[in-house]
Amino acid sequence: MSARTCRYYIGYRKTVSYPLPGPPPNPADAIEGALERLDGLENVALEEHVARFDAVHATLTDALSSIDKV
């Protein structure tokens, strides 16, 4: 579910997703937020680094691909 999508629950297990109106999110904000997640990485246990890098990579991939609407 992206930042511009809202989920609406119908009944017990059925979910409907629809885009929210308005301008698209600014990719620069997502990029800055992703890079901020790397702050203080030296204080995080080494086992958690891979999960943190994966989350940042996924955010950067989404943000950068939205720039050209790819």
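The values are calculated or read from the model by the stated rules, or taken from the named source; none is laboratory data. Here the structure is a predicted model, which means the values were calculated and not measured. For neighbour counting, all protein chains shown are included, and Cβ atoms are generated from backbone atoms with ideal geometry for every residue, glycine included.
List every residue pair whose Cβ atoms lie under 7 Å apart, where the two residues are 6 or more positions apart in sequence or sit on different chains, the first residue falls within region 54-68 and is of a type in the set (A, V, I, L, M, F, W, C), and the second residue, located anywhere, is not in a helix (DSSP H, G or I).
The qualifying pairs are Ala55/Arg37; Val56/Arg37; Val56/Leu38.
Would you be able to tell me the number of residues in region 16-37 that are in contact with a Phe, Trp or Tyr (Cβ under 8 Å, 6 or more places away or on another chain) and modelled with pLDDT of 90 or more?
0
Scan (1) surrounded by fewer than 11 Cβ atoms within 10 Å (Cβ to Cβ); (2) at pLDDT 85 or above; (3) of a type outside the set (S, T, N, Q) for the single condition Tyr12 breaks and write down its number.
(2)
Only residues in region 24-38 that are over 9 Å from Thr59 (Cβ atoms) count as the first member; pair them with residues that are of a type in the set (A, V, I, L, M) and outside any helix (DSSP H, G or I), Cβ under 7 angstrom, at least 6 apart or cross-chain, and list the lot.
Pro25/Ala3
Give the residues of region 43-70 that are modelled with pLDDT of 90 or more, charged (D, E, K, R) and loosely packed, with under 10 Cβ neighbours inside 10 Å, sorted by residue number.
Within region 43-70, just Glu47 meets the criteria.
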